[in-house]
Amino acid sequence: MIDKWSNEGFEACSGKYSPIYGKEVAGLVYVTCLAGSEPELAMHGGGNTSVKTGMSDIFCKEVSALYVKASGRDMADVEPDDFVALDLEYLKKLKSLKNLSDKDMADQFILHYLRPTNALPSIETLIHAFLGAKYIVHTHPEAILALTNREDGNAVIAEASGSAIKSIPYVKSGFDLAIAVSGVYDAYPEAQGIIVSHHGLITWGNSAKEAYDKTVAIVNNARVYASKRIRRSVTLVSVTTVANALSRYAKTAPVIRGALASPTGNPDLPYNRVILRPIINDKILNLLDCKEGKEIAVSSPLTPDYLIRTKSLPLWIDAETFEAGEINDVLTKSIERYALEYREYIKRCGGCDEALNIDNIPRVLLFPGMGAVCAGSSIDEADMIRDITAQALSVKLSIYETGGTYKGLSQEHLFDMEFRSFQRKKLKNSVLTNPGLVVLVTGSAGAIGTGICQSLLEEGYHIVATDLPGDNLDNLVKGLSAMYPGRIMGAPMDVTDPASVASGFAAVVANWGGIDGVIVNAGIAHVSTLETMNIETFRKLERVNIDGALIVISEAARLYRLQKTGGDIILISTKNVFAPGAKFGAYSATKAAAHQLARIASLELADMGVRVNMVAPDAVFSHGEKKSGLWAAVGPDRMRARGLDETGLEEYYRSRNLLKASVTARHVANGVLFFLTHKTPTTGATIPVDGGLPDATPR
């Protein structure tokens, strides 16, 4: 790996943070981000770092402080507040104890914070406290795990690393590991680093750079060693091209996603949905297609830190066909068998009722002929599992190619780490309000569409913003991505073109696995009397408002049938369905037709558990700086007819409703949210969002 230390980068970080936190903490931030930015060293919250420094208390007395990374924080983008400051001298006294439970250890940490924080320090904090070095860097390097996780691990570590690097067998993280590591550190003052089997690497130094340089040197030595020992390759029994694998995934992803939706026991929201992230490349396909693939791949994680993400084993599925109907049966039986075996594993290891209540659905599925499929409750979690899985398969293949046999931890060790309170808290801290739910919004770049997208993102949904290709859609996705990274994707779509709509839905399936809610919002308006109506203009409204609604509803229905987990379709209708306006015939008639299609869809799709409802707003002029395209088309005529300017027109529409309310895009989004959250068992219904218009009341 490349040494990425930059004196300029270090000085920039120091200049940013030193004035408030001191140069030593600034150095800690820099080295942590540097190590965390290298996936080969640490991924997604794994690893931890520390520095020993001083700070003044309220009496201006110097106190020895240990700054250690908070549990679960991603090393790649930490800031000073992502470290917990603890009383170092007190923590060092804990070394004299014979044992210390996780609960007591956590209590001692909390009682000896030197700065208020809601974060819990790393479970490995006592390693940092018990070693005398100023800076400590603990990572989970891929190259090191390729040395330790094998039957001949001890001999290989010694041969690859030399006498300056010490190693110890796997010890449970926490107090026990801290005692073991500090014992080696104290006994061998000349040591440059310590390798913990099935865990990772610990280095140290008097400066952040020294600790980092040792990490790079040890990892590079391990990589060179492995590259010189390649002595065998896998035996391919078939060859799957990436193109074929992607084609198979496109057909099966919704089926897989539906099969992985675990039951909630709540009849209103019956499923926990997941986000899917595939790994489809030549290296993975060749591994899964080879004679030795199952033996290599179906084994425990590289390090117990990953268990809370991946579970103890992946699920291997031999599929004779990748057609949706046939693979559904194979998936269902395989997942049921996995769940049963997982519960038996928990019982065997003495799991309590709480452990048994944790879902037993696999997180990683391995398909010869298609690749690996990773499932998480959010895009962030699914990406974590994907990256961890890709690394694990790479390391396991490397062990095989260098003549080794993969050696994982015992089930007892795995269980202990998977259900430790320190680990489970990492999951609780990252739960979204509506995990795993994907909602597609047509006409996203308009005022109402933008308001719906933003409101649903705030509520934890994953959003697919669709509209005609161009700057309006691109700028919307770019702006919302900055606020909600990862949870919004753009899918250019012309709702009047079935191929374009199918392509947009397919892009979502390829990226996230499927869709749970579809908001049919795209629409256009036109001002004209019936007497002067241009028929081609009328047909344009028909194509967008009627054909577009039908095409999107049809595509959603086909996807929902594959997923078998129900779903929602919500049409953004209009008050004009119930109270049409003069010179608004084309809009009123075509929206009424779309409204009727949605009502019919509620009848036809109910047996799949799909709810179809309508939200009927009136006079939404903008969302923030985003002006309504509809009102850009019809507003000038309405202003001329009433002798009003833009402000006066908005006031006119506000004052005509019973509540004298200005209707906003957020109000429309709230109507959408009511239906999406299934507050009532409702389908085929319309919510007016108009401030109260008696002539527009649905009846």
query = Would you pick out the residues in segment 55-71 that are among the aromatic types (Phe, Trp, Tyr) and not in a strand (DSSP E or B)?
reply = 59
inquiry  = Residue under question is residue 94, and the condition is that it be more than 26 Å from residue 31 (Cα to Cα) and not in a loop (DSSP other than H, G, I, E, B); does it hold?
reply    = yes
request  = Looking at (1) surrounded by fewer than 17 Cβ atoms within 10 Å (Cβ to Cβ); (2) of a type in the set (S, T, N, Q); (3) over 26 Å from residue 303 (Cβ atoms), find the lone condition where residue 53 falls short.
outcome  = (1)
key: Subset of segment 532-590 (residues that are part of a loop (DSSP other than H, G, I, E, B) and touching a residue at least 40 places away in the same chain (Cβ under 8 Å))   = 533, 564, 565, 566, 573, 574, 578, 579, 582, 583
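I'd like the full set of residues that are farther than 29 Å from residue 468 by Cα and either loosely packed, with under 13 Cβ neighbours inside 10 Å or in contact with a His (Cβ under 6 Å, 6 or more places away or on another chain) (or both), limited to segment 623-646.
640, 641, 642, 643, 645
Residue-by-condition table, conditions (1) buried (at least 22 other Cβ atoms within 10 Å of the Cβ); (2) among the hydroxyl-bearing types (Ser, Thr, Tyr); (3) farther than 24 Å from residue 36 by Cα:
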| residue | (1), (2), (3) |
| --- | --- |
| 154 | no, no, yes |
| 213 | no, no, no |
| 221 | no, no, no |
| 225 | no, yes, no |
ask   = List, please: which pairs have Cβ atoms under 6 Å, are six or more places apart or on different chains, and start with a residue in segment 286-298 that is farther than 19 Å from residue 363 by Cα and end with one that is assigned to a loop (DSSP other than H, G, I, E, B)?
value = 289/238; 289/240; 289/368; 290/234; 290/235; 291/235; 291/237; 292/234
ask   = Of 123, 144, 136, 127, which residue is of a type outside the set (Gly, Ala, Ser), buried (at least 19 other Cβ atoms within 10 Å of the Cβ), assigned to a loop (DSSP other than H, G, I, E, B) and in contact (Cβ under 8 Å) with a residue 40 or more places away in the chain?
value = 123
query = Does residue 226 fit the bill of being of a type in the set (A, V, I, L, M, F, W, C) and either in contact with a Leu (Cβ under 6 Å, 6 or more places away or on another chain) or modelled with pLDDT of 95 or more (or both)?
reply = no
task = With the condition kept exactly as written, say whether any residue in segment 101-117 is closer than 24 Å to residue 420 by Cα, small (Gly, Ala, Ser) and crowded, with 24+ Cβ neighbours inside 10 Å.
result = no
Number of positions in segment 599-631 that are of a type in the set (A, V, I, L, M), assigned to a loop (DSSP other than H, G, I, E, B) and on the phi < 0 side of the Ramachandran plot = 1
ask   = Can you name the residue in segment 677-699 that is touching a strand residue (DSSP E or B) at 6+ places or on another chain (Cβ under 7 Å) and in a loop (DSSP other than H, G, I, E, B) and is also nearest to residue 661 (Cα to Cα) among such residues?
value = 690
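Could you go through segment 78-89 and let me know if any residue there is surrounded by fewer than 16 Cβ atoms within 10 Å (Cβ to Cβ), in contact (Cβ under 8 Å) with a residue 12 or more places away in the chain and assigned to a helix (DSSP H, G or I).
Within segment 78-89, one or more residues are surrounded by fewer than 16 Cβ atoms within 10 Å (Cβ to Cβ), in contact (Cβ under 8 Å) with a residue 12 or more places away in the chain and assigned to a helix (DSSP H, G or I).
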query = Regarding residue 69, is this residue touching a strand residue (DSSP E or B) at 6+ places or on another chain (Cβ under 9 Å), under 14 Å from residue 138 (Cβ atoms) and modelled with pLDDT of 95 or more?
reply = yes
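Could you tell me which of the residues 120, 145, 131, 126 is within 30 Å of residue 403 (Cβ to Cβ) and in contact with a helix residue (DSSP H, G or I) (Cβ under 8 Å, 6 or more places away or on another chain)? Please lay out each step first, then the result.
On the way: 120 fails: within 30 Å of residue 403 (Cβ to Cβ); 131 fails: within 30 Å of residue 403 (Cβ to Cβ); 126 fails: within 30 Å of residue 403 (Cβ to Cβ).
None of the other options fit; the residue is 145.
Which ones in segment 194-223 are in a helix (DSSP H, G or I) and farther than 19 Å from residue 391 by Cβ?
Step one: list which residues in segment 194-223 are in a helix (DSSP H, G or I), which gives 208-223.
Within segment 194-223, 208, 209, 210, 211, 212, 213, 214, 217, 221 meet the criteria.
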task = Select, from 601, 594, 665, 619, the only residue that is buried (at least 18 other Cβ atoms within 10 Å of the Cβ) and either of a type in the set (Phe, Trp, Tyr) or within 23 Å of residue 459 (Cα to Cα) (or both).
result = 665
Per-region count, segment 363-377, residues at pLDDT 95 or above and either more than 24 Å from residue 75 (Cβ to Cβ) or out of contact with any strand residue (DSSP E or B) (no Cβ under 6 Å at 6 or more places or on another chain) (or both) = 10
task = Any chance you could count how many residues in segment 1-54 are touching an Asp or Glu at 6+ places or on another chain (Cβ under 9 Å), assigned to a helix (DSSP H, G or I) and not hydroxyl-bearing (Ser, Thr, Tyr)?
result = 3
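Report yes if residue 158 is surrounded by fewer than 24 Cβ atoms within 10 Å (Cβ to Cβ), under 27 Å from the mean Cα position of the chain (by Cα) and assigned by TED's automatic domain parsing to the domain that holds residue 212, otherwise no.
Values: surrounded by fewer than 24 Cβ atoms within 10 Å (Cβ to Cβ): yes; under 27 Å from the mean Cα position of the chain (by Cα): no; assigned by TED's automatic domain parsing to the domain that holds residue 212: yes.
No.
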request  = Within segment 566-593, work out how many residues are over 16 Å from residue 517 (Cβ atoms) and hydrophobic (A, V, I, L, M, F, W, C).
outcome  = 9
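So which strands (runs of 3 or more DSSP E) are wholly in segment 424-531 and hold at least 3 residues that are small (Gly, Ala, Ser)?
Details: elements: 438-441, 462-465, 488-490, 517-520.
It comes to none.
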task = Starting from segment 226-251, keep only residues that are under 22 Å from residue 513 (Cβ atoms), then list their pairs with residues that are outside any helix (DSSP H, G or I) and at pLDDT below 95 whose Cβ atoms are within a distance under 8 Å, requiring at least 6 positions of separation or different chains.
result = 248/322; 251/322; 251/323
note = Counted residues in segment 603-640 being within 30 Å of residue 583 (Cβ to Cβ), β-branched (Val, Ile, Thr) and touching a Gly at 6+ places or on another chain (Cβ under 6 Å) come to 1
inquiry  = For a quick check of your reading of the model, give me the residue pairs whose first member lies in segment 639-650 and is small (Gly, Ala, Ser), whose second is exposed (fewer than 12 other Cβ atoms within 10 Å of the Cβ), with beta-carbon atoms closer than 9 Å and at least 6 apart or on different chains.
reply    = 648/642
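Residue-by-condition table, conditions (1) assigned to a loop (DSSP other than H, G, I, E, B); (2) under 28 Å from residue 508 (Cβ atoms):
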| residue | (1), (2) |
| --- | --- |
| 240 | yes, yes |
| 246 | no, yes |
| 253 | no, yes |
| 256 | no, yes |
| 277 | no, yes |
| 288 | no, yes |
| 305 | no, no |
| 309 | no, yes |
| 313 | yes, no |
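Got a number for residues in segment 57-74 being over 15 Å from residue 24 (Cβ atoms), of a type outside the set (D, E, K, R) and free of Cβ contacts under 8 Å to residues at least 60 places away in the same chain? Don't jump to the end; show me each part of the working.
The first filter runs over segment 57-74 and keeps only residues over 15 Å from residue 24 (Cβ atoms), leaving 57-61, 70-74.
Remaining after also requiring of a type outside the set (D, E, K, R): 58-60, 70-72.
Narrowing further to those that are free of Cβ contacts under 8 Å to residues at least 60 places away in the same chain: 58-60, 70.
Residues flagged as over 15 Å from residue 24 (Cβ atoms), of a type outside the set (D, E, K, R) and free of Cβ contacts under 8 Å to residues at least 60 places away in the same chain within segment 57-74 amount to 4.
The values are calculated or read from the model by the stated rules, or taken from the named source; none is laboratory data. As the structure is a prediction and not an experimental result, all values here were calculated from the model. In this analysis, Cβ positions are derived from the backbone assuming ideal geometry, glycine residues included, and neighbour counts consider all displayed protein chains.
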